[in-house]
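Visitor: First, the structure itself, so that you have it in front of you.
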Amino acid sequence: MTFVFDDPHTFTEDMLVGFLDVHRDRVVGLPGGAVRAAETPSGKVAVVVGGGSGHYPAFCGVVGSGFADGAVVGNIFTSPSTADAYSVGRAAASDAGLLLSTGNYAGDVMDFTLAHERLNREGIDTRVVFVTDDIASAPVHEITKRRGIAGDFVVFKVAGAAAEEGMGIDEVERVARHANDRTRTLGVAFGGCTMPGADAPLLSVPEGHMGAGLGIHGEPGVEDAPLSSATELARRLVEGVLAERPAKDGARVGAILNGLGTTKYEELFVLWASVSTLLAAAGIEVVDPEVGELVTSLDMSGCSLTLVFLDDELERLWRAPADTPAFRKGAAATTPAMPRRSASTMVETSAAVLPSTAESRACAAVVAAALEEMSSVVVRAEDELGRIDSVAGDGDHGRGMVKAIGAAVTAAANAGAGAGSTLVAAGDAFAGRAGGTSGVLWGAVLGAIGMSWGDTVAPSDTEVADGVAAGLESLCRLGGASVGDKTMVDAYVPFSDTLTGEIRSGATVSAAWAAAAEVSTAAAEATASLTPKLGRARPLAARSIGTVDAGATSFALCAHAVARVLRGAR
């Protein structure tokens, strides 16, 4: 994956251009992803799936008859933005309603939930289901904290088949949740994956070992184990998944032996021979097994075993025909001819520019300069932020922040508005470009500060501090994090408290901001001793100890960048 690219920062966009051209008879591109080329028929529930790219054929490769009506495509290993999920969902939706589904990751949950709420407000009956099949990421009593990995494919397939059958939105949601409840996955990695343009993989596995319980975003396994024979590997996978076999209806399963990118079909067939034997010995009959690459992780070397414990309904939907660019099963039923989507269904419009004063527009110029300085700092720190993030996460934080702040800079420069609207525009651009947890949270922060300030006057020093506090309140409300959870909040809370305290003591906003930035740096450095309690790093909490949090670190860097601009502006 590191050999074929033009610009690593536009890899996802460039990939989509090629995918959409190859499959132009089946799919149409639009802001945020792709939908079926034919419009969704009246009376049919639309199923829209998605997540970060880097997992092909998940997610855009399964848009087609019997499967998904659309796919939201984020940057590599990064949640799509709220705007992307909304855009694809709005385009695919019919009068029968819409189901959104994605893996259970913090950014995906936030962005898909916000899109789901917006679509419902606009009168589209929208439901959302998060997949939680990864048994290694949390114990069974904390099943709602589990990640979605290759089990995504099962849940998406069952939901798509139910919608194709003509089930209503209540029933499509029910069977999707039922499939998720009965799907379990365990994976192993033999080697890490490499981001386009990077010169090293996100993780390394000790020679002669494998990382057991890996994620699909370049996260390490939860433990390193000796690499043994195919028979012993099969035993580990089968026993791990069967440990959660249901007491009844557990005699028939659908199965996926999934290659993660570099472990190819011949090796998977060797492994499947042992998996099949072990399942038969356990009294289990396998129905329509799938062996191949269905949910990959760029060029990761590894594999996973997924079992869905079938009842009559799930078996029918698991076996139902499908016809998509990357997956076919059986003979898809003939459907009525529908009009073809000839271009993007969603038309992006510019927000109206609100009235503003010269004083507020002068403040907006300082905001734009601060964002430019933030962008310069983050560009220089991109590799280090990615390295920090890869210790227990997916390594995308640096790249996501670079793209997002760059988009925010452009939005601020083109806003032509007062300080408040400029910040709101920058926040929308930040969230739209970054996706993931950082994108939606930074977008909320900038938007909250902007709404606090407004466009009529430049904020006073006290109002600057109050706006920063409003951003913190929005961040905590949306992300649910507290001090000590090892997130951006650990740097933001002391920053906001110090800023407010210094200004109340009579310091200028420039001096107060500089002092607060120093405090935020110390707080970010102190996160090295913390254990993550939220986000993608949580399943690998022990690995994170001794390494600072990437989100807290980038926040502190940005705080210092703004301080430098304020010194020159006041």
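The values are calculated or read from the model by the stated rules, or taken from the named source; none is laboratory data. Everything numeric here is computed off the predicted structure, so don't read it as measured data. Note that we place each Cβ from the backbone using ideal geometry, even for glycine, and neighbour counts take in every protein chain shown. Calculation scope for accessible area: heavy atoms of the full protein, side chains included, ligands and nucleic acids excluded. Shrake-Rupley method; radii C 1.70, N 1.55, O 1.52, S 1.80 Å.
Visitor: Looking only at the stretch 224-282, count every residue that is assigned to a helix (DSSP H, G or I) and acidic (Asp, Glu) and tell me the total.
Guide: At the first step, the residues of the stretch 224-282 found to be assigned to a helix (DSSP H, G or I) are 230-242, 265-281.
Filter again for acidic (Asp, Glu), leaving 232, 239, 266-267.
Number of matching residues: 4.
Visitor: Now for a different question. Quick one: is Glu171 surrounded by fewer than 24 Cβ atoms within 10 Å (Cβ to Cβ), in contact with a helix residue (DSSP H, G or I) (Cβ under 9 Å, 6 or more places away or on another chain) and not basic (Lys, Arg)?
Guide: Numbers: surrounded by fewer than 24 Cβ atoms within 10 Å (Cβ to Cβ): yes; in contact with a helix residue (DSSP H, G or I) (Cβ under 9 Å, 6 or more places away or on another chain): yes; not basic (Lys, Arg): yes.
The answer is yes for Glu171.
Visitor: Okay, next question. What's the number of the only condition in (1) open to solvent by less than 40 Å² (accessible area, probe 1.4 Å); (2) of a type outside the set (S, T, N, Q); (3) touching a helix residue (DSSP H, G or I) at 6+ places or on another chain (Cβ under 9 Å) that Ala37 fails to meet?
Guide: With respect to (1) open to solvent by less than 40 Å² (accessible area, probe 1.4 Å); (2) of a type outside the set (S, T, N, Q); (3) touching a helix residue (DSSP H, G or I) at 6+ places or on another chain (Cβ under 9 Å), Ala37 is out only on (3).
Visitor: Under 9 Å by Cβ, and 6 or more places apart or on different chains, what pairs join a residue from the stretch 315-327 that is at pLDDT 95 or above with one that is open to solvent by 40 Å² or more (accessible area, probe 1.4 Å) and aromatic (Phe, Trp, Tyr)?
Guide: Partner pairs satisfying both residue conditions: Ala326/Tyr56.
Visitor: Looking at the stretch 54-91, which of its residues are open to solvent by less than 10 Å² (accessible area, probe 1.4 Å), of a type in the set (Phe, Trp, Tyr) and farther than 17 Å from Val158 by Cα?
Guide: Phe77, the sole residue that qualifies.
Visitor: Ala431: out of contact with any Gly (no Cβ under 7 Å at 6 or more places or on another chain) and either free of Cβ contacts under 8 Å to residues at least 12 places away in the same chain or not polar (S, T, N, Q) (or both), yes or no? Even if it seems obvious, please write down each step before you answer.
Guide: Values: out of contact with any Gly (no Cβ under 7 Å at 6 or more places or on another chain): no; either free of Cβ contacts under 8 Å to residues at least 12 places away in the same chain or not polar (S, T, N, Q) (or both): yes.
Spelling it out, it is not the case that Ala431 is out of contact with any Gly (no Cβ under 7 Å at 6 or more places or on another chain) and either free of Cβ contacts under 8 Å to residues at least 12 places away in the same chain or not polar (S, T, N, Q) (or both).
For (1) part of a helix (DSSP H, G or I); (2) within 28 Å of Pro220 (Cβ to Cβ); (3) open to solvent by less than 50 Å² (accessible area, probe 1.4 Å); (4) without any contact (Cβ under 8 Å) to a residue 60 or more places away in the chain, each residue gets a yes or a no:
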{"residue": "Gly471", "(1), (2), (3), (4)": "yes, no, yes, yes"}
{"residue": "Leu475", "(1), (2), (3), (4)": "yes, yes, yes, yes"}
{"residue": "Pro494", "(1), (2), (3), (4)": "yes, no, yes, yes"}
{"residue": "Ala512", "(1), (2), (3), (4)": "yes, no, yes, yes"}
{"residue": "Ala524", "(1), (2), (3), (4)": "yes, yes, yes, yes"}
{"residue": "Ala552", "(1), (2), (3), (4)": "yes, yes, yes, no"}
{"residue": "Phe555", "(1), (2), (3), (4)": "yes, yes, yes, no"}
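Visitor: Another question, if that's okay. Output yes when any residue across the stretch 116-123 is open to solvent by 50 Å² or more (accessible area, probe 1.4 Å) and in contact (Cβ under 8 Å) with a residue 60 or more places away in the chain, and no when none is.
Guide: Filtering the stretch 116-123 for residues open to solvent by 50 Å² or more (accessible area, probe 1.4 Å) gives 117-118, 120-123.
Filter again for in contact (Cβ under 8 Å) with a residue 60 or more places away in the chain, leaving none.
No.
Visitor: May I ask you to verify whether Gly250 is open to solvent by less than 20 Å² (accessible area, probe 1.4 Å) and within 27 Å of Arg399 (Cα to Cα)? It would help to see each step written out before you state the result.
Guide: On the way: open to solvent by less than 20 Å² (accessible area, probe 1.4 Å): yes; within 27 Å of Arg399 (Cα to Cα): no.
It is false that Gly250 is open to solvent by less than 20 Å² (accessible area, probe 1.4 Å) and within 27 Å of Arg399 (Cα to Cα).
Visitor: Restricting to the stretch 141-157, count the residues that are in contact (Cβ under 8 Å) with a residue 60 or more places away in the chain, over 14 Å from Glu219 (Cβ atoms) and among the β-branched types (Val, Ile, Thr).
Guide: 1
Visitor: Taking Asp485 as the residue in question, decide whether it is acidic (Asp, Glu), surrounded by fewer than 24 Cβ atoms within 10 Å (Cβ to Cβ) and in a loop (DSSP other than H, G, I, E, B). Working first, answer last.
Guide: Details: acidic (Asp, Glu): yes; surrounded by fewer than 24 Cβ atoms within 10 Å (Cβ to Cβ): yes; in a loop (DSSP other than H, G, I, E, B): yes.
For Asp485, the condition - acidic (Asp, Glu), surrounded by fewer than 24 Cβ atoms within 10 Å (Cβ to Cβ) and in a loop (DSSP other than H, G, I, E, B) - is met.
Visitor: Does Val286 fit the bill of being more than 23 Å from Gly103 (Cβ to Cβ), open to solvent by 50 Å² or more (accessible area, probe 1.4 Å) and either among the aliphatic types (A, V, I, L, M) or part of a strand (DSSP E or B) (or both)?
Guide: On the way: more than 23 Å from Gly103 (Cβ to Cβ): yes; open to solvent by 50 Å² or more (accessible area, probe 1.4 Å): no; either among the aliphatic types (A, V, I, L, M) or part of a strand (DSSP E or B) (or both): yes.
Criteria not met by Val286.
Visitor: Would you point out the residue of the stretch 145-156, among those that are at pLDDT 95 or above and either surrounded by fewer than 24 Cβ atoms within 10 Å (Cβ to Cβ) or in a helix (DSSP H, G or I) (or both), that is nearest to the chain's Cα centre (by Cα)?
Guide: Asp152
Visitor: With respect to Ser94, is the statement that it is open to solvent by 10 Å² or more (accessible area, probe 1.4 Å) and under 26 Å from Ala322 (Cα atoms) true?
Guide: On the way: open to solvent by 10 Å² or more (accessible area, probe 1.4 Å): yes; under 26 Å from Ala322 (Cα atoms): yes.
Answer is yes for this residue.
Visitor: So which residues in the stretch 177-218 are polar (S, T, N, Q) and surrounded by fewer than 18 Cβ atoms within 10 Å (Cβ to Cβ), if there are any at all?
Guide: Ser204
Visitor: Going by the structure shown, is Gly501 over 30 Å from Ile545 (Cβ atoms), at pLDDT 95 or above, open to solvent by 20 Å² or more (accessible area, probe 1.4 Å) and not in a helix (DSSP H, G or I)? So that I can check it myself, show each step before the final result.
Guide: Working: over 30 Å from Ile545 (Cβ atoms): yes; at pLDDT 95 or above: yes; open to solvent by 20 Å² or more (accessible area, probe 1.4 Å): yes; not in a helix (DSSP H, G or I): no.
When the stated conditions are applied, Gly501 does not pass them.
Visitor: Pairs under 6 Å by beta carbon, first residue polar (S, T, N, Q) in the stretch 215-242, partner surrounded by fewer than 23 Cβ atoms within 10 Å (Cβ to Cβ), six or more apart or different chains?
Guide: Thr231/Ser274
Visitor: Scanning the stretch 332-355 for residues that are at pLDDT 70 or above, under 23 Å from Arg24 (Cβ atoms) and part of a loop (DSSP other than H, G, I, E, B), which turns out least open to solvent (accessible area, probe 1.4 Å)?
Guide: Pass one, the stretch 332-355, residues at pLDDT 70 or above: 337-341, 355.
Now drop any that are not under 23 Å from Arg24 (Cβ atoms), which leaves 337-341.
Narrowing the set further to residues that are part of a loop (DSSP other than H, G, I, E, B) leaves 337-339, 341.
Numbers: Ala337: 99, Met338: 64, Pro339: 74, Arg341: 20 Å².
The qualifying residue least open to solvent (accessible area, probe 1.4 Å) is Arg341.
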